[in-house]
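Everything on this sheet refers to the single structure shown next.
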Amino acid sequence: QVHLVESGGGLVQPGGSLRLSCAASGSIFSIYAMGWYHQAPGKQRELVAVISSGGSTNYADSVKGRFTISRDNAKNIVYLQMNSLKPEDTAVYCCLVSINGYNYWGQGTQVTVSS
């Protein structure tokens with residue numbers, strides 16, 4: 001059994017920062033890609049950022065230069081550092097982690113950017 005636990009969401013003013021974490025635990029033999037998606041109200045889920053097991057990263061154009069994805073392989077955690085947040089970043093953010101050849105979703109954490 002594998003579990004993903006997310007943390008770090010909340011309410012922040014425009015221009016502020018948040019760091020999301022997604023920790024994997026359980027029967028883990030190998031972790032491949034780790035990523036973050038977001039879904040705003042009334043919109044489809046979209047990829048925000050992804051990081052490979054080798055550390056290669058890819059970002060949505062809307063967050064390039066503002067968000068940074070990273071991972072701690074020893075602790076099985078993926079992070080999303082979000083800077084210069086904008087109201088349009090408001091969404092539920094979910095992690096997606098490839099573990100033992102299967103994809104697992106986190107439960108989601110709300111990020112609200114508002115003054």
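Cysteines in the chain that lack a partner Cβ within the 4.7 Å cut-off: Cys94. In sequence order, region 106-115 has phi-based couplings of x, 7, x, 9, 7, 10, 10, 10, 7, 8 Hz under the Karplus curve 6.51 cos²θ - 1.76 cosθ + 1.60, θ = phi - 60°, and Gly or Pro positions carry x. Working note: Karplus 6.51/-1.76/1.60 with θ = phi - 60° gives region 4-14 the couplings 10, 10, 9, 7, x, x, x, 9, 9, 6, x Hz, where Gly and Pro are set to x. Structural descriptor for the chain: relative contact order 36 percent, calculated from alpha carbon pairs under 8 angstrom and at least 6 residues apart. Per residue, the chain exposes an accessible area of 53 Å² to a 1.4 Å probe, with every protein chain left in place. Per-atom-type breakdown for the chain gives carbon and sulfur 47% of the accessible area (1.4 Å probe, protein chains only). Shown in residue order for region 39-49 are the 3J(HN,Hα) couplings computed by the Karplus curve 6.51 cos²θ - 1.76 cosθ + 1.60 at θ = phi - 60°: 9, 8, x, x, 10, 7, 5, 10, 6, 9, 7 Hz (x for Gly and Pro). Fully extending the segment from Asn83 to Gln44 would add 11.8 nm, taking 0.36 nm per residue of separation and subtracting the current Cα-Cα distance.
With a simple spin-label model that places each label point 7 Å from the Cα along the Cα-to-Cβ direction, the separation between Val2 and Tyr32 comes to 1.0 nm. Given the chain, report the % of alpha carbon pairs whose separation exceeds 16 Å. Cα-Cα pairs in the chain separated by more than 16 Å: 56 percent.
The values are calculated or read from the model by the stated rules, or taken from the named source; none is laboratory data. Just so we're clear, the structure is a prediction, and the values are computed from it rather than from any experiment. No Cβ is skipped: glycine too gets one built from the backbone with ideal geometry, and neighbour counts run over all protein chains shown. With ligands, DNA and RNA removed, areas are computed over all heavy atoms of the protein, side chains included. Shrake-Rupley method; radii C 1.70, N 1.55, O 1.52, S 1.80 Å.
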